1. How many of the residues making up region 69-84 are open to solvent by 40 Å² or more (accessible area, probe 1.4 Å) and among the aliphatic types (A, V, I, L, M)?
2. Please count how many residues of region 98-114 are outside any strand (DSSP E or B) and at pLDDT below 95.
3. Residue check: is residue 78 touching a residue at least 24 places away in the same chain (Cβ under 8 Å) and either within 15 Å of residue 6 (Cα to Cα) or not aliphatic (A, V, I, L, M) (or both)?
4. Would you pick out the residues in region 13-66 that are of a type in the set (Ser, Thr, Tyr), open to solvent by less than 60 Å² (accessible area, probe 1.4 Å), touching a residue at least 12 places away in the same chain (Cβ under 8 Å) and not in a loop (DSSP other than H, G, I, E, B)?
5. Could you tell me whether region 85-97 includes any residue that is part of a strand (DSSP E or B), open to solvent by 60 Å² or more (accessible area, probe 1.4 Å) and in contact with a strand residue (DSSP E or B) (Cβ under 9 Å, 6 or more places away or on another chain)?
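The values are calculated or read from the model by the stated rules, or taken from the named source; none is laboratory data. These numbers were taken from a predicted model, which means no experiment stands behind them. For neighbour counting, all protein chains shown are included, and Cβ atoms are generated from backbone atoms with ideal geometry for every residue, glycine included. Accessible surface is based on the protein model in full, side chains and every heavy atom, while ligands, DNA and RNA are left aside. Shrake-Rupley method; radii C 1.70, N 1.55, O 1.52, S 1.80 Å.
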Amino acid sequence: QVQLVESGGGLVQPGGSLSLSCAASGSIFRLYTMGWYRQAPGKQRELVATITGGGRTNYADSVKGRFTISRDNARNTIYLQMNSLKPEDTAVYYCNEKVADTDYWGQGTQVTVSS
């Protein structure tokens, strides 16, 4: 059974930085695309960034140039480095792993950008 555990959320001031981690277990991690999604109150869950097993990345336009997704296949972990944070980045951030036709999700971690 795939399990994803996020960590690293919190409260940060506008313009600040925060790093998220997601530890995965239960799959052949290096084979699968991993990603970060977020959901703000009253809004649908949206893509933030994805990274393939080979390291190819994709970003939402709203975070390009500010966020960086990476992965460590030896540690079965992905990361999201978030810089120049804005209040509109406030959301619950979810880790995602796509295994065949199935999406697996972590429990989410809250990121709040506020002064």
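1. Selection size over region 69-84: 1.
2. Filtering region 98-114 for residues outside any strand (DSSP E or B) gives 100-101, 106-108, 114.
Add one more test, that the residue is at pLDDT below 95, and what stays is 100-101.
Qualifying residue count for the region: 2.
3. Details: touching a residue at least 24 places away in the same chain (Cβ under 8 Å): yes; either within 15 Å of residue 6 (Cα to Cα) or not aliphatic (A, V, I, L, M) (or both): yes.
Criteria met by residue 78.
4. Of everything in region 13-66, those that are of a type in the set (Ser, Thr, Tyr), open to solvent by less than 60 Å² (accessible area, probe 1.4 Å), touching a residue at least 12 places away in the same chain (Cβ under 8 Å) and not in a loop (DSSP other than H, G, I, E, B) turn out to be 19, 21, 25, 37, 50.
5. Of the residues in region 85-97, the ones part of a strand (DSSP E or B) are 91-97.
So of that shortlist, the ones also open to solvent by 60 Å² or more (accessible area, probe 1.4 Å) come out as none.
Checked against the condition, which is being part of a strand (DSSP E or B), open to solvent by 60 Å² or more (accessible area, probe 1.4 Å) and in contact with a strand residue (DSSP E or B) (Cβ under 9 Å, 6 or more places away or on another chain), region 85-97 yields no hits at all.
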